[in-house]
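Trainee: Dumping the structure here so I can ask a few things about it.
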Amino acid sequence: MAEQDFDLFGDPVRLPNGKRGRPAHVPSQKNRNKIIVLLALGWGNERIAGAMHISQPTLRRYYFSELKRRDIQRDRLDAWRFEKIVDQVESGNVGAMRLLDQMIAKNDQVLTDAKIRAAQNGEKKTEYIGKKEVDRQAADSAVKGNSPGWEDDLTPGKYN
């Protein structure tokens, strides 16, 4: 079996094989992990497909489950980082202890900022009123005489 050449980034070098089209993509766990990291960094499908040397339909076909969980990949990456740092702290690494303190402070700051934004948005947020309730309020307003020209016609028991 011939050895396969790899480029600078560890991807296999694809040489023309005399056949038309691209060789079929073979998904691997290494590629899945790479896509998870790129999703955690906030990359879009087009950019990920370009980095992986595949088309967007191929990306969606073979890596659907990773793309489906796009929103949680950043949290998963952060959790993985915390786990690795805690392992280093348990082994007595002083630098890791300092880094863990920094990561905890940053995490606390993010949580505090989120709580402040939620409190600010909560004050400005008005209660949603549905269509039926809006129509009911408009009808009550008209009956009470808040609509010019309709008071006598809408008052119950009044007929011309």
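Trainee: Quick check for you: with a 1.4 Å probe and neighbouring chains kept, what is the accessible area per residue of segment 29-96, in Å²?
Mentor: Here the per-residue accessible area is 65 Å².
Trainee: Same structure again: Given a 1.4 Å probe and every protein chain left where it sits, what share in percent of the accessible area of segment 3-122 is carbon and sulfur?
Mentor: C and S fraction of accessible area: 55 percent.
Trainee: Okay, moving on. Keeping all protein chains in the complex and leaving out DNA, RNA and ligands, what accessible area do you get for L77 with a 1.4 Å probe, in Å² to the nearest 10?
Mentor: 40 Å²
Trainee: Using only Cα atoms, locate the centre of segment 29-53 and the centre of segment 66-120, then give the distance between them in Å, rounded to an integer.
Mentor: One Cα centre to the other: 21 Å.
The values are calculated or read from the model by the stated rules, or taken from the named source; none is laboratory data. On a predicted model such as this, the values are computed, not experimentally measured, just so you know. For accessibility, only protein heavy atoms count, side chains too; no ligands or nucleic acids. Shrake-Rupley method; radii C 1.70, N 1.55, O 1.52, S 1.80 Å.
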